[in-house]
Ligand code: ADP
Ligand code: MG
Ligand code: ZN
């Protein structure tokens with residue numbers, strides 16, 4: 001009959017809540033007891049000291065007794081003890097007619113001296129109320145400080161314990177996002193909608209409820225989402241997909257519920273779900289219950305997205321770098337139907353990003369952002385931001401007050417290849433091999449294209465493990481690669497190894513990265529670019545992971561796979577032979593350049609070309 005499994009969800013929820021409460025109370029109790037023992041012992045443990053009647057009289061005569069009370073058969077009094085502190089004493093009551101006069105003479109005050117009487121309430125207060133009060137106050141202050149640090153006000157939601165951080169002002173605008181013009185264009189409409197939802201609802205238009213920002217890591221997706229909120233001056237609720245996936249079953253779904261409830265109250269606003277792929281992965285039909293939690297969270301998200309009124313002005317943005325793994329249900333109309341690509345920046349974009357991040361950095365006029373942008377093909381916005389910061393740090397290290405071009409160039413290498421390891425003990429012999437290897441690359445490249453192939457060649461070892469490094473600078477942005485260029489590139493990549501073999505007759509492990517790249521390119525030529533005569537324009541592989549490393553999976557019969565491998569091997573081999581031939585033809589230059597590099601450790605592209613073109 002109608003018994004639902006779902007019943008267990010709130011239960012789990014609550015027991016977790018109680019547990020937390022009990023832990024909290026126990027912590028407070030323990031701390032209170034400790035406080036009592038350590039900090040307030042004088043208040044709490046004030047004991048009544050019994051003294052003899054004679055001692056009492058001595059104290060009276062010495063003027064130490066301050067206050068006194070006569071009881072039925074005892075006298076209680078307050079007097080200074082040996083160390084000058086107040087102490088409650090008790091002594092027996094004697095029939096002493098002189099006592100009253102004696103007390104008057106000593107100026108003793110009469111009154112109540114019964115510590116126990118008030119201490120029932122007082123001690124409860126000092127033992128319990130006060131410490132607990134202090135604890136609660138401390139907790140409040142701390143949580144407030146935390147919230148301030150997070151740049152917003154922390155809101156803790158009733159049952160689910162979910163903390164969602166809402167920022168009323170993100171402080172970011174589109175001016176902080178350089179390049180990414182298409183993405184900004186697409187988001188401007190959303191900003192406009194948030195400014196004035198009525199304008200849209202009056203005409204009967206509904207804006208898409210959600211937009212999905214897709215692109216490689218570090219391209220500014222999070223930044224863009226914040227900029228939208230900043231431009232529209234609306235609250236910004238952000239939560240990361242991984243936060244939904246919690247230890248306790250049902251928590252993720254509860255968090256989604258809370259998030260949307262809160263957002264609805266604060267509309268117009270933006271809800272931003274970062275790394276949505278962690279909850280939005282395709283649901284599979286296996287039904288073994290392994291991913292129950294994630295599926296519940298995803299289902300809740302879908303329900304909430306359908307449920308709320310799009311006209312109210314709640315816009316949901318999400319970001320991911322693995323769009324291909326997302327569940328189709330998320331992408332259907334009415335949900336994240338708008339997809340905004342946020343790609344790696346092009347040359348112009350890189351220059352603009354460098355400029356944005358250099359706004360608050362003092363730079364002298366040797367700085368050439370265009371040159372840096374050209375040297376950083378393939379770098380993401382986050383890496384470029386890092387480059388500017390590294391350059392500033394280097395300037396400080398060198399004791400300068402402004403950043404110069406050399407700082408930027410060094411930091412480009414640092415970010416790409418790691419820090420220089422000046423102390424690395426590389427033997428003379430290894431250095432020679434590295435020098436020939438790097439010159440091998442450069443020489444093969446130069447002889448094929450007749451232009452400076454590199455910006456800089458260095459054999460200073462790097463912390464990343466690279467022993468040598470060739471910095472390439474494209475003269476402009478390239479979008480297409482011809483078949484000849486692809487083949488030349490493979491030849492260039494094999495040039496390092498070819499130089500080793502040609503010069504020393506033996507080969508080293510130093511070429512592993514070159515081999516990987518050459519193989520990848522050759523493979524792509526055959527399987528994806530349709531550049532092999534044997535297969536022509538047939539896609540034999542599909543890219544499964546566009547933004548993260550570009551993994552591919554084969555989509556062909558095993559026999560074809562074998563033929564593909566053969567073709568790849570043939571292609572690389574042919575280019576290796578070509579590189580070898582070039583090196584043989586220019587053996588003199590190879591020697592000259594390598595020895596020069598060995599001596600200088602770092603040479604520029606101009607120096608390289610100058611030696612290459614010099615007549616012997
Ligand atoms: P993503 O969310 O795509 O992984 P982020 O938005 O977190 O990337 O970007 C990380 C940092 O990189 C940003 O805080 C910013 O400093 C910098 N950045 C990335 N892209 C840009 C850009 N287009 N313009 C300016 N800064 C950028
Ligand atoms: Mg991000
Ligand atoms: Zn190499």
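Since every read-out is calculated from the coordinates, none of them should be taken as a lab result. Note that the structure is predicted; figures quoted are calculated from it, not measured. All Cβ positions, glycine included, derive from the backbone under ideal geometry; neighbour counts span all protein chains shown.
Key figures for this structure:
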| quantity | calculated |
| --- | --- |
| Inter-label distance, nm, simple model (7 Å from Cα along the C-beta direction), residue 135/residue 185 | 6.1 |
| Ellipsoid semi-axes in whole angstrom, largest first, where each is sqrt(5λ) of the Cα gyration tensor of segment 164-274 | 24, 19, 12 |
| Residue 516 versus residue 528: modelled label distance in nm, points set 7 Å from Cα along the beta carbon direction | 1.6 |
| Theoretical gain in end-to-end length, residue 591 to residue 74 [0.36 nm per residue, Cα-Cα removed] | 175.0 nm |
| Förster-model FRET efficiency, 51 Å R0, residue 192 and residue 143, C-beta, rounded to 0.05 | 0.90 |
| Convex hull volume per residue in cubic angstrom - Cα atoms of segment 53-110 | 70 |
| R0 of 41 Å, Cβ-Cβ distance residue 96-residue 128: FRET efficiency to nearest 0.05 | 0.45 |
| Potential extension, residue 539-residue 265 segment - 0.36 nm per residue separation minus Cα distance | 93.6 nm |
| Prolate/oblate/rounded call for segment 166-217, Cα gyration tensor, a/c under 1.5 rounded | prolate |
| Residues residue 309 and residue 483, FRET efficiency given R0 of 60 Å [Cβ-Cβ distance, rounded to 0.05] | 0.65 |
| Ranking of 272, 336 by count of other Cβ atoms within 10 Å, fewest first | 272, 336 |
| Label zone at residue 428 (point 7 Å along Cα-to-Cβ), backbone N below 19 Å, segment 579-616 | 591-602 |
| Order of 535, 479 under a 10 Å beta carbon neighbour criterion, fewest first | 479, 535 |
| Per residue convex hull volume, Cα atoms of segment 338-395, in Å³ | 87 |
| Separation of the residue 565 and residue 377 label points, Cα + 7 Å toward Cβ, nm | 3.2 |
| Exposure proxy ranking, count of Cβ atoms within 10 Å, fewest first, for 275, 182, 69 | 182, 69, 275 |
| Gain in span if fully extended, residue 396 to residue 50, counting 0.36 nm per residue against the direct Cα distance | 117.3 nm |
